[in-house]
Amino acid sequence: MIECVHAGDCAAAFARYAPQLKPEHLFWMEGEDRLEPGQAFAHPVCLADGTLLNRYWDGHDGPREKSYREDVLTARAGTRPHAEVNRDLRAGAESGWDFSSRWCADPDRIETIETTSILPVDLNALLWGLESAIAVGCAGRGELAGAAAFSARARWLGARPSIASCGARTWATMSIFTGCGTNPAPA
């Protein structure tokens, strides 16, 4: 977004807003320091090969207040524990793609929602952009250690075999469980 507003001098804009960008990055990365390959905590997920990617997550597992009745009925209609369905409904709402078939194992059945099991390629591309912007911003502010740290963190998704669609040379939204692309035509 900063690039859209400051198209003439992105580096200066990143330097100006780096202090605001860092807390946003911390929000998405909370708990990453505790992860071993194959583990997840809140938003960060460490894949078996050590690749760190992100997912949508909500810390609560009860029905959403604004959609309490609908969430209770959805959880009852499914076969998974209600708390898991509720968390996935909440995470779907966090994504801004609430109730898109993108989040469902069966695109025709909302009770199969599995948002927290999906590593969305668009979210991870945005986080790569955020890390890259912070690196440029830190460099522009003379914070060389921060610039080096965020440059090292910036995950170029195209170079990561984990984000490829089961060996394809394309990026894909993938399942935490299978490591393969999911629901290729989101609605």
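The values are calculated or read from the model by the stated rules, or taken from the named source; none is laboratory data. Since the structure is predicted, the reported quantities are computational estimates derived from the model, not experimental observations. All Cβ positions, even for glycine, are placed from backbone atoms using ideal geometry, and neighbour counts span all protein chains on display.
You will find that of D71, D58, the residue that is in the same structural domain as W97 (by TED's automatic domain parsing) and touching a Lys or Arg at 6+ places or on another chain (Cβ under 6 Å) is D71 and no other.
Scanning the stretch 78-105 for residues that are of a type in the set (S, T, Y) and at pLDDT 95 or above turns up just one, T79. Pairs meeting the criteria (first residue in the stretch 7-34 and in contact (Cβ under 8 Å) with a residue 12 or more places away in the chain, second residue charged (D, E, K, R) and surrounded by fewer than 13 Cβ atoms within 10 Å (Cβ to Cβ), beta carbons under 6 Å, at least 6 apart or on different chains) are C10/E3.
Considered as a group, the residues in the stretch 104-132 that are without any contact (Cβ under 8 Å) to a residue 40 or more places away in the chain and in a helix (DSSP H, G or I) include one that is surrounded by the most Cβ atoms within 10 Å (Cβ to Cβ), and that residue is I110. Being surrounded by 15 or more Cβ atoms within 10 Å (Cβ to Cβ), out of contact with any Cys (no Cβ under 9 Å at 6 or more places or on another chain), part of a helix (DSSP H, G or I) and basic (K, R) is a description that does not apply to R69. Taking the listed residues G78, G59, G96, the one that is within 22 Å of the chain's Cα centre (by Cα), more than 21 Å from A125 (Cα to Cα) and of a type in the set (G, A, S) is G59, with no other qualifying.
D98 fulfils the conditions (1) in contact (Cβ under 8 Å) with a residue 24 or more places away in the chain; (2) not aliphatic (A, V, I, L, M); (3) not in a helix (DSSP H, G or I) except for a single criterion, (1).
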